[in-house]
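J.: Below is the structure I would like to discuss, written out as structure tokens.
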Amino acid sequence: MKRRDFLRHATAAAALPLVRIQGSPAPLRANADRLNGWLTRFGAVGRTGGGINRVAYSDGDLAGRAFTLDLFRQADLGPRIDPAGNIVGRLPGNDDALPPILIGSHVDSVPDGGNFDGPLGSFAAIEVARSLREQGVRLRHPLEVVVWSNEEGGVIGSKLAVGDHAGVDLDGVARSGKTIREGIGVVGGSVERLAEAVRPAGSATCYLELHIEQGGLLDQVGLRIGVVQGIVGLRWFDVTITGFANHAGTTPMDQRQDAMLAAARFTVAVNDAVRAQPGRQVATVGRIVASPNTRNVIPGEVLVTVDLRDLDRAVLDRFSATFERLGHEIGAATGTTFRFTPATSSEPAPADPRIMDWVDASAAALGLSRRRMPSGAGHDAQELARIAPMGMIFVPSVNGISHSPREFTRPEDVANGADVLLNAVVAADRGLDTLAPRR
Ligand SMILES: [Zn+2]
């Protein structure tokens, strides 16, 4: 540390009523009862017979946002709606000119969804800001709490906030029936001023998001905290397999060009290839369209889809090439041809190693078991990773259920997640003081 930085850091630390440097024996605690109380009450907002229905831009979403805005106001965070429809609140820092630390999540849901996917991280972020103020802990950086709009419809609010306007079709119709353009207006944004919502690269110190795991790994092995290594990237392919449609009764078995048989072999080959290698890569053949799709005709053409995901771009590229090779081999063996067409792809969003360390250390200080793991689901954090160092904290989803009214996270895990977020924010505030500039 340079002498000037040391003095600045020492002065800032001396001014704090409570000096909690990372590694101190007394980690901070959020108000777990208050946070769980908010989540319980929120479970009645947008609830229908099918589950939670706070689909972006719907009446349920508007009710959820009104509830959330009230929590921002109670925490004295002076909420505003940015032009992309995101709710933004702010806790000033001792050096308020520094780029803010961002924390948050979303409160919209899928149709017939659950009450924890999104609201947990959003309300925990509000609770963290409120706890810091109540406990007299001043951060050097300002802390911004952001509830991103329309996460479930394709991380729309966070995409617009990082300036990816090309990635958002404003005239696309959202699940609510409104276009995204209309929806942004309904929630208090303004498509004419979208440029003002953009946070350029480097304009945030870091982004941290608490979220339910949505898978069953933590729950199965009884671990309390997931330290997220990043959000997996994906490659989607359409694979068209062409054979020759012919009579199912008169064509001998050794003279067929059966596209369905080739598709079946390919499906098995993709699964075998992925499982034969160490790592956490996953691939799925999820859709099949056979033609002519008739009982007594050998299928002449079959379309299958491939969904491939991993944290490492090189792994994605390697398996993409492997699948093509396997397809051509199976084609040669079955008298069919394989044509691969890339559909959607997205790049992996790795978490920042320093933030992973702070999340890990915060969980350790709280005595919580933990493991590092990728996120197989998409999150707003993947977009924020484009402009700032990113990290995520997972807590267990009971039985790994999510996007369902049966989605549940235990109150003690809600509390643990908020505590880890709180201490990780403090660690980031201090840690980024003492590390070399990252740009
Ligand atoms: Zn979510």
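The values are calculated or read from the model by the stated rules, or taken from the named source; none is laboratory data. Being a predicted model, the structure only gives us computed values, none of them experimental. As a convention, Cβ positions derive from the backbone with ideal geometry for all residues, glycine included, and neighbour counts pool all protein chains shown. Protein only, heavy atoms only, side chains kept; ligands, DNA and RNA dropped before computing areas. Shrake-Rupley method; radii C 1.70, N 1.55, O 1.52, S 1.80 Å.
J.: For residue 337 and residue 296, FRET efficiency with R0 = 25 Å and r from the beta-carbon atoms, rounded to 0.05?
T.: Details: r = 24 Å, r/R0 = 0.95.
After rounding to 0.05, the efficiency reads 0.60.
J.: Let me ask another. Relative to the longest principal Cα axis of the chain, at what angle does helix 411-434 sit, 0 to 90 degrees, rounded to 10?
T.: 70 degrees
J.: Three principal axis extents, largest first, for the C-alpha atoms of the chain, in Å?
T.: 88, 47, 40
J.: Which order do the peptides 411-418, 94-101 take when ranked by the mean count of other beta-carbon atoms within 10 Å per residue, highest first?
T.: Details: 411-418: 22.4, 94-101: 16.2.
My ranking of the peptides, most packed first, is 411-418, 94-101.
J.: Name the residue farthest towards the positive end of the dipole of the chain from the options 404, 284, 122, assuming +1 on Cβ of Lys and Arg, -1 on Cβ of Asp and Glu, about the Cα centre.
T.: The one lying farthest along the dipole's positive direction is 122.
J.: Given an 8 Å cut-off on Cα distances and at least 6 residues of separation, report the relative contact order of the stretch 302-439 as a percent.
T.: Numbers: 86 pairs, mean separation 31.6, N = 138.
Relative contact order, the stretch 302-439: 23 percent.
J.: Next up: Counting only protein heavy atoms and using a 1.4 Å probe, what share of the accessible area of the stretch 66-220 belongs to carbon plus sulfur, as a whole percent? Before the final figure, lay out each step's value.
T.: On the way: 2360 of 4940 Å².
The C+S portion of the solvent-accessible surface of the stretch 66-220 is 48 percent.
J.: Still on this model: Please list 3J(HN,Hα) in residue order for the stretch 327-334, calculated via the Karplus relation 6.51 cos²θ - 1.76 cosθ + 1.60 where θ = phi - 60°; whole Hz, with x for glycine and proline.
T.: Calculated HN-Hα couplings, in order: x, 5, 5, 5, x, 5, 7, 10 Hz.
J.: Top mean-square fluctuation among 191, 146, 359, Gaussian network model of the chain, C-alpha springs under 10 Å?
T.: Between 191, 146, 359, it is 191 that shows the largest mean-square fluctuation.
J.: Subtracting the Cα-Cα distance from 0.36 nm times the residue separation, let me have the gained length for residue 364 to residue 251 in nm, one decimal.
T.: That works out to 34.0 nm of additional length.
J.: Given H placed 1.01 Å from N in the peptide plane, which residues other than close sequence neighbours of residue 179 have an amide H under 5 Å from its amide H?
T.: 174
J.: Still on this model: Where q = 0.20, 0.29 Å⁻¹, what log10 of I(q)/I(0) comes from the Debye formula for the stretch 346-407, counting one point per Cα?
T.: -0.91, -1.23
J.: If you fit an axis through the alpha-carbon atoms of helix 32-42 and take the longest principal axis of the Cα set of the chain, what angle between them do you get, 0 to 90°, nearest 10?
T.: Orientation of helix 32-42: about 50 degrees from the principal axis.
J.: Give me a comma-separated list of calculated 3J(HN,Hα) values for the stretch 396-407, in order, Karplus coefficients 6.51, -1.76, 1.60 applied at θ = phi - 60°, integers in Hz, x for any Gly or Pro.
T.: Ordered by residue, 3J(HN,Hα) equals x, 9, 4, 6, x, 8, 8, 6, 8, x, 8, 4 Hz.
J.: Which residue fluctuates the most in the chain, going by a Gaussian network model with Cα springs under 10 Å, if the choices are 333, 197, 424?
T.: 333
J.: In Å², what does the accessible area per residue of the chain work out to with a 1.4 Å probe?
T.: Values: 18480 Å² over 439 residues.
Per-residue value: 42 Å².
J.: Rounded to two decimals, what is the ratio between the C-alpha radius of gyration of the stretch 93-204 and 2.2 N^0.38 Å?
T.: 1.19
J.: Placing unit charges on C-beta atoms (Lys and Arg positive, Asp and Glu negative, everything else neutral), compute the dipole magnitude of the chain about its Cα centre in debye, rounded to 20.
T.: About 940 debye.
J.: Using 10 Å bins from zero, what percent of all Cα-Cα pairs in the stretch 29-178 falls into each bin?
T.: 12, 41, 33, 13, 2
J.: What is the helix-to-structure angle for 259-275, meaning the angle in degrees between its Cα long axis and the longest Cα principal axis of the chain, kept from 0 to 90 and rounded to the nearest 10?
T.: Computed tilt is about 40 degrees.
J.: Now for a separate question. Of the candidates 305, 267, 294, which one comes out as most mobile in a Gaussian network treatment of the chain with C-alpha springs shorter than 10 Å?
T.: 294
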